[in-house]
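Below is one structure, written out as structure tokens; comments come after it.
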Amino acid sequence: MGLRGLAGLLALTIATIWYLSGLEDYRIFVPGLAQGAAMTVQITAAAAVLAVTAALVAALLKLYGPAPLRWLAVTYIEIFRGTSALVQLFWLYFVLPVFGITLEAYTAAVIGIGLNIGAYGAEVVRGAIVAVPRGQWEATVALNMSRAQALRRIILPQAFAAMIPPWGNLFIELLKTTALVSMITLGDLAFRAQQMNQTTMKTVQIFTLVLLIYLAMSLVITIAMRLLERRAGRGILRARAA
Amino acid sequence: MTEPMVSFENVTKRYGTLTVLDNLNLTIGRGEKVAIIGPSGSGKTTVLRMLMTLETIDGGVIRVEGEPLTHMERGGKLVPADQAHIRKVRAKIGMVFQSFNLFPHMTALQNCIEAPMKVLGLSREKAEARAMDLLDMVGMANRRDYYPSQLSGGQQQRVAIARALAMRPKVMLFDEVTSALDPELVGEVLQVIRKLGAEHDLTMLMVTHQMGFAKEFADRVCFFHSGRICEEGEPQAFFTNPQNERSRQFLRAVLEAG
Ligand SMILES: Nc1ncnc2c1ncn2[C@@H]1O[C@H](COP(=O)(O)OP(=O)(O)O)[C@@H](O)[C@H]1O
Ligand SMILES: [Mg+2]
């Protein structure tokens with residue numbers, strides 16, 4: 001779908017939420033769900049920053065790091081991709097205290113989800129870096145650039161454009177994963193919904209609103225990534241189209 | 001005799017069990033223009049890539065103005081060089097590729113100022129002034145703000161030449177720089193190389209299939225066959241009266257192909 005279509009869908013979603021919020025049956029849930037949504041947004045944003053950072057570091061170490069750091073990166077990627085996010089959250093929140101490390105639930109949530117998505121992201125980053133044609137590296141050697149200069153100025157900017165669409169998917173995956181944080185006592189959107197559902201049994205009203213709110217959030221992510229893609233694509237995407 | 005600009009001394013290159021260059025000895029004088037010709041797979045590209053440090057060597061030593069390129073002298077012995085040494089010597093070499101390899105996310109001008117600013121430490125003003133002189137020289141000044149994808153192959157290659165020159169190399173390597181171009185664009189690139197050739201202190205090493213150009217432009221022709229120099233000499237003599245049977249065969253085949 002084009003950007004315009006996505007924007008239209010987002011507007012429609014927000015309008016529907018707005019309309020429903022005004023109805024008698026729905027109004028009582030709005031404050032609680034809004035609080036939950038704020039928590040979800042907060043965790044999503046913080047975990048996304050951590051995920052991108054972890055992915056970049058892990059990918060660069062796996063590709064260019066000295067042996068011990070390379071192994072560390074590979075181990076991180078495999079552990080966090082190979083086990084479920086829920087198990088990782090439980091470890092961070094319930095198991096680590098046994099070893100004397102106690103994390104706030106919010107901190108554990110951000111670290112757990114950030115590192116989980118970061119492990120997938122590392123493969124995205126690595127794939128995009130190795131997909132940059134070899135001739136680009138060779139040109140940097142011919143211009144006597146250092147490897148670090150080449151990576152920072154030539155290779156990563158080109159890889160960046162190729163990474164944006166898969167990162168869009170990962171961020172949406174991240175958003176959905178945040179629903180797990182209710183398992184470690186955090187009051188996110190999904191948690192508030194369940195809580196209110198148990199006391200009021202208004203399943204239709206509550207989960208209609210919740211569905212629409214998640215949809216609005218993921219549409220915001222998709223649109224933001226499309227805009228980023230458009231900007232980063234200057235020159236490069238035109239080259240691909242040609 | 002003055003010191004040669006570049007010398008290959010018993011240089012050997014292998015890929016696995018395949019010996020691509022076998023004890024190559026080649027000396028290139030300061031300002032000399034050398035054309036390297038020969039059949040496909042004879043090792044021509046490998047010679048340039050070794051000099052650009054894009055390939056390692058398996059034996060022998062390459063010197064640039066007497067200084068070993070990928071080795072350092074230590075206690076009278078040659079040991080593998082560190083990155084700092086390689087970069088110091090490599091600064092004297094520039095290369096233009098068959099496939100241009102311009103940076104697609106940068107405009108023509110940005111392509112030409114990136115390394116001068118980041119590697120040589122030039123200020124933006126200095127780097128831009130230098131780049132504009134060179135873009136002007138290759139006839140691309142009016143395309144300074146174009147991205148590579150907006151330029152024709154010939155234009156891209158001319159920008160690539162300007163980009164390499166902006167580093168002020170003493171030796172320029174050209175690897176079949178017109179082979180990827182549509183026929184009508186070959187001339188504009190050769191014209192730029194001719195202009196460069198008029199600068200007497202620039203040493204040029206050029207792999208080419210343009211025999212006419214090699215004959216008119218080069219001071220010397222080296223004919224490669226199976227990783228060895230089969231014949232070398234002054235172009236007039238080489239093209240009109242090749243001595244080696246393989247050279248004769250090769251020239252005949254090239255002539256027939258038109
Ligand atoms: N990376 C490589 N791995 C294995 N063999 C290679 C590689 N690069 C070149 N060769 C081989 O080395 C030989 C010389 O190649 P090259 O220098 O490119 O020849 P030319 O430029 O004269 O056509 C060829 O037989 C080629 O197949
Ligand atoms: Mg070749």
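The values are calculated or read from the model by the stated rules, or taken from the named source; none is laboratory data. It should be emphasised that the depicted structure is a prediction, and the values quoted were computed from it without experimental measurement. Please note: Cβ atoms are built from the backbone with ideal geometry, for glycine as well, and neighbour counts cover all protein chains shown. Surface accessibility is based on the protein's heavy atoms, side chains included, excluding ligands, DNA and RNA. Shrake-Rupley method; radii C 1.70, N 1.55, O 1.52, S 1.80 Å.
Figure note: B:LYS195, B:LYS92 ranked by solvent-accessible area, largest first, 1.4 Å probe, ligands and nucleic acids not counted: B:LYS195, B:LYS92. Our coupling estimate for the range A:22-32, obtained by passing each phi through the Karplus curve with A = 6.51, B = -1.76, C = 1.60 and θ = phi - 60°, is x, 7, 3, 5, 9, 3, 4, 8, 4, x, x Hz, Gly and Pro reported as x.
Using the crude model of +1 on Lys and Arg Cβ and -1 on Asp and Glu Cβ, and no other charge, please compute the dipole size for the protein assembly as shown relative to its Cα centre, in debye to 20.
Details: 50 positive and 39 negative charges, 109 e Å.
Here the size comes out at about 520 debye.
Measuring with a 1.4 angstrom probe and ignoring ligands and nucleic acids, B:LEU255 comes out at about 140 Å² accessible.
Averaging the sequence gap over all C-alpha pairs within less than 8 Å and six or more residues apart, then dividing by the number of residues, gives the range B:150-256 a relative contact order of 20 percent. Highest GNM mean-square fluctuation among A:ALA131, A:ALA142, A:ALA85, for chain A modelled with Cα contacts below 10 Å: A:ALA142.
Using unit Cβ charges (K, R positive; D, E negative) and no other charged atoms, how large, in debye to the nearest 20, is the dipole of the range B:102-168 about its Cα centre? Mind dumping the intermediate values first?
On the way: 9 positive and 6 negative charges, 27 e Å.
The dipole magnitude comes to about 140 debye.
Across the range A:3-235, the relative contact order, built from alpha-carbon pairs under 8 Å that are at least six residues apart, equals 31 percent.
Using a probe of 1.4 angstrom and keeping all protein chains present, the accessible surface of the range B:102-168 works out to 38 square angstrom per residue.
Inter-chain neighbour count for B:143-154: the average number of beta-carbon atoms from partner chains within 10 Å of each residue's beta-carbon is 2. Computed over the protein assembly as shown, the quotient of the alpha carbon radius of gyration and 2.2 N^0.38 Å is 1.31. Computed over the range B:102-168, relative contact order equals 47 percent, with contacts defined as Cα pairs under 8 Å that lie 6+ residues apart. For B:VAL20, nonlocal amide neighbours, meaning residues 5 or more places apart or on other chains whose placed amide H falls under 5 Å from its own, are B:LYS13, B:ARG14, B:TYR15.
Between the listed residues A:ALA59, A:MET217, A:ASN197, the Cα displaced farthest toward the positive end of the dipole of chain A, a dipole computed from Cβ unit charges relative to the Cα centre, is found at A:ALA59. With Cα atoms defining each centre, the range B:75-141 and the range A:181-219 are spaced 57 Å apart in the structure. Figure note: A:TYR19, A:TYR93 ranked by solvent-accessible area, largest first, 1.4 Å probe, ligands and nucleic acids not counted: A:TYR19, A:TYR93. For B:HIS71, the residues whose amide H sits under 5 Å from its own are B:ALA81, ignoring neighbours fewer than 5 places away on the same chain, with H placed 1.01 Å from N.
Within the full protein context, the accessible area of B:THR240 is estimated at about 100 Å² for a probe radius of 1.4 Å. Less than 5 angstrom separates the built amide H of B:GLU32 from those of B:MET204, all sequence-distant by 5 or more or on a different chain.
What the range A:3-235 shows is 49 Å² of accessible area per residue, with the surface traced by a 1.4 Å probe over protein heavy atoms.
For the range B:107-258, the calculated P(r), taken from all Cα-Cα distances in 5 Å bins from zero up to the bin holding the longest distance, is 2, 9, 17, 18, 17, 13, 9, 8, 5, 2, 0, 0 percent.
Inter-chain neighbour count for B:105-118: the average number of beta-carbon atoms from partner chains within 10 Å of each residue's beta-carbon is 4. Note on the range A:3-235: with charges restricted to the Cβ of Lys and Arg (+1) and Asp and Glu (-1), its dipole about the Cα centre is near 780 debye. Excluding ligands, DNA and RNA and using a 1.4 Å probe, chains A and B jointly bury around 2200 Å² of accessible surface, summed across both partners. Could you tell me which of A:PRO68, A:VAL141, A:GLN158 has its Cα farthest along the dipole of the range A:3-235 towards the positive end, charges placed at Cβ (Lys, Arg +1; Asp, Glu -1), taken about the Cα centre? Value: A:VAL141. A probe of 1.4 angstrom, applied to the heavy atoms of all protein chains, finds B:ASP145 with accessible area near 100 square angstrom. Across the range B:180-193, coupling constants 3J(HN,Hα) worked out from phi with the 6.51/-1.76/1.60 Karplus curve, θ = phi - 60°, read 8, 9, 5, x, 6, 9, 5, x, 5, 6, 4, 4, 5, 5 Hz, and Gly and Pro carry x. Set Lys and Arg Cβ to +1 and Asp and Glu Cβ to -1, take the dipole of the range B:102-168 about its Cα centre, and tell me which of B:LEU151, B:ALA108, B:LEU165 lies farthest positive. Result: B:LEU165, furthest along the dipole toward the positive end.
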